[in-house]
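A.B. asks: This structure is in structure tokens; I'll ask about it shortly.
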Amino acid sequence: MPDGRYWLQTLGCPKNQVDSDKLAGVLDTEGYRAASAPEEADLVVVNTCAFIDAARQESIDTVLELSDARAPGARLVVTGCMAERYGRELAEALPEVDLVAGFGRSVVPAALTAPAPRGPAGSARVTLRPRRAVRGAGAGRAASAAAQAFDLLSLPRPPSAAPWAYVKVAEGCDRRCGFCAIPSFRGAQRSRPVADVLAEVEQLASDPAMPVAEIVLVAQDLASFGRDRSAGPGGRPRPTPLVSLTEQVRRLVPRTRLLYLYPSGLTDELVDAVLATGVPYFDLSLQHVSRPLLARMRRWGDGDRFLERIGRIRVRAPRATFRSSFILGYPGETEEDHDALLAFLDQAQLDWAGFFPFSRESGTFADSLEGQVPPALAMERLRECAELQDGITARRRDAMVGDVHQVLVDAPGRGRTVHEAPEIDGIVRLPGNLPAGSFVDVVVTESLGTDLVGEPAAPARALAERPVA
Ligand code: SF4
């Protein structure tokens, strides 16, 4: 068994975090231990994001920073979306990297199965150079014979360090949105069997050290979960297998949250299932509101339909929370389209929204579209939307002051109501003496933009005392 230490750096979205959790689980079972800092690791792994230009640049910057920071002799591995999508180019462009491991490849370089040569104490920069030369002559970053093919979706899950956990229920996507390269390298959707997902949830929820109280179901296109596996009458896919999954998961944990719902997938029965969880949180992937522009994006819907759907949910659940994301500067976006988006934001009063500039991805439908919007104009539109939304978010947070909310304590000093998704939205700042994993009723005393400040309105309760939905 190896006795090495690893450092795992994750970039990008929560789906990537799930992959990292599973990679950590594999490394743990192979005998590696987590290092407390990258400088102390024998194996440094960067799980990259290839979503847009900015995410790719951040990934490369991180790889270079960690290359400089790592200990002499430590191996540097790049995995995740960039490794899958640009494997060969990355390996050529980054000679610092020992292994570029796309999906289905072990992140342990063959060289690590033998003890890594550890350099003398001193400047890593000085000792790294000869190590690189030696590696280039033999040990190599190319495919290692020892690399094992493995499937991240079905790998075992290590215990969670927090009382919440993302659970990835499917990989890939069957849609072909004009701007998105994900299906080209993540492939068609493949959903996990429901029993596997439930087993993972049960395992997380029953961990004695940190029982998970909140499960966040994620997938590239979550609303389509299970359609690739489940044939209904006449061989047609069942409408929404996600409904049944949500109902089963909510029986196992106090909180079940759904992220990334394609808007046409938000059927009435799925709305019912979400409201029944007690977490009235709707993360709708809208991207824009102009119908012609959405058609150019090869996506469903328009602003009126979105408003109608949001309004109907608010009639049933006035305190429901809505999040969405939007792309600015998609080819062909006009001033009228942009004005329509601003008007929509004003009307919809979403709680949370993310804005991204269009990123031209080679091989996508949008790459060859006419009417490319100058990046500076896209950024100007983005700033305008973000400014409007920041005010809306702040006012919606202000409106919570004085209310009592049940908060799940994520860590000493911080927690979340049902209205905040972990690591995406704001938090509730709490006194530091409340134990992680407990639920506490909190009166909101102050709003600080996205974050709230809360004081316990009643003593904290342990997770075991909480009824599940
Ligand atoms: S649904 Fe999401 S992952 Fe699928 S193609 Fe569209 S943007 Fe990409």
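The values are calculated or read from the model by the stated rules, or taken from the named source; none is laboratory data. Everything numeric here is computed off the predicted structure, so don't read it as measured data. Note that each Cβ is placed from the backbone with ideal geometry, even for glycine, and that neighbours are counted across all protein chains shown.
A.B. asks: Just for segment 259-315: of the residues that are among the small types (Gly, Ala, Ser), surrounded by fewer than 22 Cβ atoms within 10 Å (Cβ to Cβ) and not in a helix (DSSP H, G or I), which one is farthest from the ligand (Cβ to nearest atom)?
C.D. replies: Gly278
A.B. asks: List the residue pairs whose Cβ atoms are under 6 Å apart, where the first residue sits in segment 434-460 and is farther than 24 Å from Ala205 by Cβ and among the basic types (Lys, Arg), the second is modelled with pLDDT of 95 or more and assigned to a strand (DSSP E or B), and the two are 6 or more positions apart or on different chains.
C.D. replies: Pairs that qualify, where the first residue is farther than 24 Å from Ala205 by Cβ and among the basic types (Lys, Arg) and the partner is modelled with pLDDT of 95 or more and assigned to a strand (DSSP E or B): there are none.
A.B. asks: Any chance segment 347-355 includes a residue that's loosely packed, with under 15 Cβ neighbours inside 10 Å and under 22 Å from the mean Cα position of the chain (by Cα)?
C.D. replies: Checking segment 347-355: at least one residue is loosely packed, with under 15 Cβ neighbours inside 10 Å and under 22 Å from the mean Cα position of the chain (by Cα).
A.B. asks: If you don't mind, there's one more thing I want to ask. Out of the residues in segment 18-58 meeting the condition of being of a type in the set (A, V, I, L, M) and in a loop (DSSP other than H, G, I, E, B), tell me which one is farthest from Pro422 (Cα to Cα).
C.D. replies: Going through the qualifying residues, I end up with Ala41.
A.B. asks: Still on this model: One residue is enough: does segment 192-204 have a residue meeting the conditions at pLDDT below 95 and on the phi > 0 side of the Ramachandran plot?
C.D. replies: No, the conditions are met nowhere in segment 192-204.
A.B. asks: Among all residue pairs at least 6 apart or on different chains, which show Cβ distances below 6 Å where the first residue, located in segment 349-370, is under 24 Å from Arg319 (Cβ atoms) and the second is among the hydrophobic types (A, V, I, L, M, F, W, C) and at pLDDT 95 or above?
C.D. replies: Listed pairs, sorted by first residue: Gln349/Ile392; Leu350/Phe322; Asp351/Phe322.
A.B. asks: Tell me yes or no: at least one residue of segment 430-443 is surrounded by 16 or more Cβ atoms within 10 Å (Cβ to Cβ), of a type in the set (Val, Ile, Thr), out of contact with any helix residue (DSSP H, G or I) (no Cβ under 7 Å at 6 or more places or on another chain) and closer than 30 Å to Glu247 by Cα.
C.D. replies: yes
A.B. asks: Do the conditions hold for Asp228, that is, is it within 16 Å of the ligand (Cβ to nearest atom) and modelled with pLDDT under 95?
C.D. replies: yes
A.B. asks: Moving to a separate point now. Would you be able to tell me the number of residues in segment 177-206 that are without any contact (Cβ under 8 Å) to a residue 60 or more places away in the chain, of a type in the set (A, V, I, L, M, F, W, C) and touching a strand residue (DSSP E or B) at 6+ places or on another chain (Cβ under 8 Å)?
C.D. replies: 4
A.B. asks: Working only within segment 180-199, note down all residues that are away from the ligand (no atom under 11 Å from the Cβ) and either buried (at least 22 other Cβ atoms within 10 Å of the Cβ) or of a type in the set (Lys, Arg) (or both).
C.D. replies: Selection gives Arg190, Ser191, Arg192, Val197.
A.B. asks: Here is a follow-up. Residues Glu84, Glu92, Glu96: which one is surrounded by fewer than 18 Cβ atoms within 10 Å (Cβ to Cβ) and assigned to a helix (DSSP H, G or I)?
C.D. replies: Working: Glu84 fails: surrounded by fewer than 18 Cβ atoms within 10 Å (Cβ to Cβ); Glu96 fails: assigned to a helix (DSSP H, G or I).
The unique qualifying residue is Glu92.
A.B. asks: Give the residues of segment 433-450 that are more than 14 Å from Thr417 (Cα to Cα) and in contact with a Ser or Thr (Cβ under 8 Å, 6 or more places away or on another chain), sorted by residue number.
C.D. replies: Matches in segment 433-450: Gly449 only.
A.B. asks: Any residue in segment 271-285 that is farther than 17 Å from Asp351 by Cα sitting within a Cβ distance under 9 Å of a residue that is part of a strand (DSSP E or B) and of a type in the set (Asp, Glu)? List the pairs, counting only those 6 or more apart or interchain.
C.D. replies: Matching pairs, first to second residue: none at all.
A.B. asks: When Gln203 is evaluated against the numbered criteria (1) surrounded by fewer than 19 Cβ atoms within 10 Å (Cβ to Cβ); (2) within 15 Å of the ligand (Cβ to nearest atom); (3) not in a loop (DSSP other than H, G, I, E, B), which criterion, by number, is the only one it fails?
C.D. replies: In the conditions (1) surrounded by fewer than 19 Cβ atoms within 10 Å (Cβ to Cβ); (2) within 15 Å of the ligand (Cβ to nearest atom); (3) not in a loop (DSSP other than H, G, I, E, B), Gln203 misses (2) alone.
A.B. asks: A further question on this structure: Answer yes if at least one residue in segment 235-251 is at pLDDT below 95, part of a loop (DSSP other than H, G, I, E, B) and within 15 Å of the ligand (Cβ to nearest atom), and no otherwise.
C.D. replies: No, segment 235-251 contains no residue that is at pLDDT below 95, part of a loop (DSSP other than H, G, I, E, B) and within 15 Å of the ligand (Cβ to nearest atom).
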